[in-house]
Each structure stands twice: as C-alpha cells, then as structure tokens.
Amino acid sequence: MTDLLTDPESVRPTRAGSTVEFRGLRRAFGTTTALDGLDLEVRPGELLALLGPSGCGKTTALRTVAGFERPDTGEVLVDGEDITRVPAHRREAGMVFQSYSLFPHMTAIDNVAFGLRMNGTGKAARRARAAELLELVGLANHAARFPRQLSGGQQQRIALARALALRPRVLLLDEPLSALDAQVRLTLREEIRRLQQQLGITTLFVTHDQEEALSMADRVAVMRAGRLEQCAPPAELYERPATAFVANFVGVMSRIPARPGADGTTVGAFGRTLPVHGTLPGPVGTDGGSGEVDVLVRPEAIGVTADGDGTSQIVGATFLGATTRLTVRLAGGAEVMADVATHSTAGLPVGAKVTLTLPDRPVLVDRHSWGNGGRSGG
Amino acid sequence: MARLNRTGYGRSAVLLLTGAYFLVPIACAIAFSIGIGAPRQALGFEAYTGIFGADGFTDSLTLTLKLAAATIALVLVLLVPALVTVRLAAPRLRTLVEIVCMLPLVVPAVALVAGISAVLRWGPDHFAGTPLFQAMAALQAPQFPMVLVLAYTLMALPLAYRTLDTGFAAIDLRVLVEAARSCGAPWPHTLIHVVLPNLRGALLNTAFLTLALVLGEYTVAAVLGYQPFAVWIVATSGSQAQMSVAVSMVGLLVTWMLLLLISAAGRARRPKENS
Ligand SMILES: Nc1ncnc2c1ncn2[C@@H]1O[C@H](COP(=O)(O)OP(=O)(O)O)[C@@H](O)[C@H]1O
Ligand SMILES: [Mg+2]
C-alpha cells in the first residue's frame, strides 16, 4: 500500500498535459506596457521557459494564466478554452511564487493539504495525499514543521508540492529558485525537471537566468519588452538565434566590426563576404554611425591560427577548463573573444600574432556598438 | 565597574519614580476603599463585597460588555475588508482611508455627541410615521442603544486602524492571498483560513483596545442618557464613595487580566494541526 502511495505514477494527473495559448495579450500599467501583443503556445506536457530581462513582462504573462492579472485585450486559452474571465480559484493552475509563500500559520503538511481542504476532500484522504506529495519532494519527515523552521529550498519544495496537490492543468513557476543559494538552486532545478517529466504536467517556468532556462526547458521563449522574440528548443536558440537580441541574451557573442554589402543581403568581415541571416539592421548610415555593423559570432565558432604576418594579436587568455577564451585585438582596435581547445593553446601565447577565420554560414548582424571590447552576452 | 554601578542606580531611580507614579494613587485608592483614614469607620471589605449586590451593577456591566462586543465586531467587519481592498486593489486610496480613520482624533467626543443628539432630537419631528422613525427609535432602544455602538466604533477607528495596519504590514498579504486563490480557495475562504489567522495578534490587540475604550467611555453615554459601567461608577460615587473606588480597582484588575490573557493568546502557538 505504501509503495503504491509513494509511486510517482499514482500522482500523475489523470488528463494528459494541457495546452496553454496566449493570443495577442496586451496589458498596460499606466504608461508602462507590460505585455505588448504576446502570442505564444505551450504544448501538452512540455516545460516552457519564459526568458527575458527583468521588466519584460514575464511575471505579468504568468499572472494572466493564474488569473491574478486581467489582460486589456487578447485572451488566454487552456485546452482551447478561453479562461480570461474565469476567477483565479477555478483555473486549476498550480503556482509557485518567487518569494516564500507558504502559509506561516500552518505546518508543511497542512500547507500541502490546503487545496484539498478547500475542495472538500475528507480529512483522511487529504492527509494521505499530502503525505504522498511530501514524499515526492523528499520532505516526508518534515511534515510537522512550520515554514519558519524550514530552509528556503525546503520551503520552495513544499510550495511545489502544494501547487501539485490538486493535479492542476498547468504548473506556473515564477522564478522559484531566484531566492536560493547557488548549490540548492542547482539541485532543485534538476528535481523540478524530474518531477515535471514524471507527471507530464504542462509547465510555464519564468526566469531571467539563461543558463537555468537552457538547462531545464523543452523550449525557451525569449521575451523582450512585452513581446515574444523567439521560441525554440535550447540548442536551436543557442545555435540559430533569430535576432541580435536573442543572440546577445542567450550565451556569449563576439562582435566583429564589418561592412554591409551594397545589396543588403551580405556583409564583409575579415576580407570575406558572408550571407546575412535575417535582415541588416536599419538603412545604412541612418543611425548616426558610419553605417558600420557588427557581425555576431559565438566565440567557439571563430577559428584562431598563429600567423606571424597576422594583423591581429592575442592580448589575453582566460582558462575555462576544456576551452580557453582568448581575447584578440583586431587591426582596427576592436577586441574579439574566441574560444579554443585548451590543448591547442601552446602555440597561441599572449602577444602572438594571429589570423581569425569565420565559419562559412549566414551570420547575424547587429548595429555597430562602439567601445565594446567584443564582450556581450547574458 | 563604577560606570556599571552608576547606570544601575540610574535605572533603579527611574523605576522607582515610575513605580511611585503608578502605585501611590492605586495604594491610596485601595486604602480609601477599605476604610483606612476615614474616621468613625472600621476597616473592612464591605465596599468590595457590596459591589455585586449594588443597585444597577449587573445591568450596567452587561450593557457595557454587550456594547463592547458589538463595537469590536463592527470595527473589524468594517476595517479588515477595507484594509485588504486598499492593500490589494486600490493602493492609491490608502491615504484617504487613513485620513478618514484618523478624523475622530480631531473631533472631540463632546462635539460628536452634540451632533448625534441634535440629529436624534431633530429626526423624530420630521420622520414621524415613516420607517425611518422606527429605525431611529430602535437606534436608541435603552436595552441596547445601537447609537452608542456607532459612536464607539467611530471613536475606536484611529486605534483600530493603527494596530490592524501594523498587522497587515507584517505579512505579505498579496502573496498569501494569491497562493490561497491558486489553491482553489474562493475569497471568503481565503480571508477566513489564510488572512485572519495570520493577523491574529493585530486582531486581538484591536479587540483589546476597543474593549478598553468602551469600558472607560463616559462622555457620550452620559450625555445621551444611558448608564453603562463607567456612568454607573460615577453615579454611585455620589452616594457610595468607597464602593465606586472599589469598583474602579476591580475594573483595573480585570483590565490587566484581559491584557495578560490577550498577550498570552498572541504568543501561544497552536500545536494542533488543521488538516
Ligand atoms: N501591478 C503593477 N503596477 C504597475 N506596474 C507594474 C505592475 N506589475 C508589473 N508592472 C510593470 O510591468 C512591467 C513588467 O513587469 P513584470 O511582468 O513583473 O516583469 P518581469 O517579471 O519580466 O521582470 C515592469 O515595468 C513593471 O514595472
Ligand atoms: Mg518577474
């Protein structure tokens, strides 16, 4: 019997994961526009990370699903059904908050059982299920503790158990790890992911930490100023960012000064002409600059070869483990980051003259940014 | 060492002074009530034992306690939802609510009662025969004068607002409410099962302050012609000076006990589990 109770299968939601869809969501607070026409679809059973800089509207988007925020226009659909007018307590959305949100006057198990108590589940049944959920988050022996007797990580685990207790259609996580210290954050990250996959529950995970988003999510939706910038699986987002904003926000990008081609579809850098991925930013010369642009390339995609006649020079090296990040000063004075395998750095000492090469594929282009040492990233 | 001693003396002196300030009058009152210093009188506790049999004691005390209970209920029913709304939905109204609640501080009780009695006198002439007349009559029913409850509620607002607002400031109301709502709790359940238990200390303090206010209020009740406890004490003191002092002493004791009870209740953790 106990085996059956603690088996994760027994807490699996009866329905297969639900879909969540944002359609043209718009929400303004006075003069601030928090959501500016957000369109996004979350697939059944997937963990979708909402990633973006602070203030871009992630929390607002999540709160419209939970029912704590009403959009000015647009709608939220769950399983194809418009829930914009459904009150929060009937939305069947479990939520974990950024700040500690356990009810201070209840023990851990009472916190987890609260939702069941609200829907009229009998005392014995709700205690059994709450105990089962505590087991699931690994805190079965903390059932009788009050929130103030628990660490931050334990409190967030219990908040997670509480959110799962009613078998919600969607799980909403608003930066649940941001108040925790690094080590706890890493373990809990894995644990949330494991639980989510076991239960197959559709999950929206808000974070401003790109590493967290990339490591946990099935897909990552990058938001910027209340809109969706790109939504793709982590690998695709990293390898083929759709816009310069995404490229800069996800991972690290090297900026290489370049000259736009006359037809607007190519760009010249390191004496080569490369096709442009997407569009060139703005008509040449209208942004007050010289009309120059930067090509954005991942540091590991830049080839570095020692070359006595090279016009570039290595000015710094940072050991990162398997790779070493070289800082290379170009002839024009700009500095570029390039990652090379650590075992090949013997021939690339600081001060050496080198030649840089770019991969032979379409490149992202952004406006030239002055005084940038080649460093940009999230 | 010398410094330590000096601060020690200083502290004792302050304690002694404050102690004297409180205790000397109380000691004098007790002495008077048991007959010390009164010539032609034997020492004794008749004043105390006589209280319970005294004419009007039970009536006035019951009236006061009923008034206090109704006032506490009204204050909380008015203020708690108002403060929740202000904090969650309309933070801009906060200053307005605060000003309204503080108004009774600048309107003296005498002015308040003058206004009330003017209305009560003026009303019946104009509304005779209408339901409003009956309502006004009911407001002034001598067994339970609702008009006093309304007046006391107004007078208690400043204190109640302050204590409740402090209580609200100590909890993260928005997160607690939203957590409860996302657990499927409708508004009334959220209020009863999550908000109120976390405001327990503030609610008890408010109740206590309101109780103390109603126990000691004299002006409004006397001018409107009712006889709750405080008015009764003054009325008795004319005829039975010793007993009125004895009653005050008992009142003091009861108030202290209530204070201790409430602070104990605020401190006690409930070991029982709800679930
Ligand atoms: N209740 C509110 N009142 C006023 N402005 C708000 C409110 N909630 C959010 N905002 C504003 O909306 C923008 C987006 O907020 P939010 O969704 O919390 O961003 P994020 O979670 O991405 O950091 C911010 O500029 C924020 O100041
Ligand atoms: Mg946020």
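None of the figures in this text is laboratory data; all of them are computed from the coordinates on show. Please read all numbers here as calculations on a predicted model, not as lab measurements. For neighbour counting, all protein chains shown are included, and Cβ atoms are generated from backbone atoms with ideal geometry for every residue, glycine included.
Remarks
- Each part reduced to its alpha carbon centroid, the range A:139-168 and the range B:194-222 end up 35 Å apart.
- Per-pair calculated FRET efficiency, R0 = 35 Å: B:Thr219 and B:Phe52 via Cβ, rounded to 0.05: 0.85
- The per residue volume of the convex hull around the alpha-carbon atoms of the range B:170-275 is 145 Å³.
- Percent breakdown of C-alpha pair distances by 20 Å bin, ordered from the shortest bin, for the protein assembly as shown: 14, 31, 27, 18, 8, 2, 0
- For the range A:71-77, Karplus couplings with θ = phi - 60° (6.51, -1.76, 1.60), whole Hz, Gly/Pro x: x, 5, 9, x, 9, 10, 10
- Annotation: Cα Rg of chain A relative to the compact-globule expectation 2.2 N^0.38 Å equals 1.19.
- Value of [θ]222 nm, deg cm²/dmol, for chain A, DSSP H segments ≥ 4, -39500 (n - 2.57) each, nearest 500: -7000 deg cm²/dmol
- Kyte-Doolittle at least 0.5, axis length at least 18 Å by Cα - qualifying DSSP helices, chain B: B:2-33, B:57-88, B:94-106, B:109-127, B:146-169, B:200-216, B:241-267
- Cα-Cα P(r), chain B, percent of pairs per 10 Å interval: 6, 20, 25, 24, 17, 7, 1, 0, 0
- Student exercise, the protein assembly as shown dipole from Lys, Arg, Asp, Glu Cβ charges, in Debye to nearest 20: 1540
- Charge tally around A:Val222: other residues with Cβ under 11 Å, Lys/Arg +1 each, Asp/Glu -1 each, net +3.
- Cα-centred dipole magnitude for chain B, charges only on beta-carbon of K, R (+1) and D, E (-1), debye, nearest 20: 1020
- For the range A:27-136, applying the loop criterion from DSSP together with a ceiling of 13 other beta carbons within 10 Å to the trypsin sites (Lys or Arg not before Pro) yields A:Arg85.
- The Cα atoms of the range A:20-244 give a gyration tensor whose axes a ≥ b ≥ c have a/c of 1.5 or more with a/b greater than b/c, which makes the shape prolate.
- Two-decimal log10 I(q)/I(0) for the range A:244-370, as the Debye equation yields it once each C-alpha is a single scatterer, q = 0.18, 0.19, 0.20 Å⁻¹: -0.95, -1.04, -1.13
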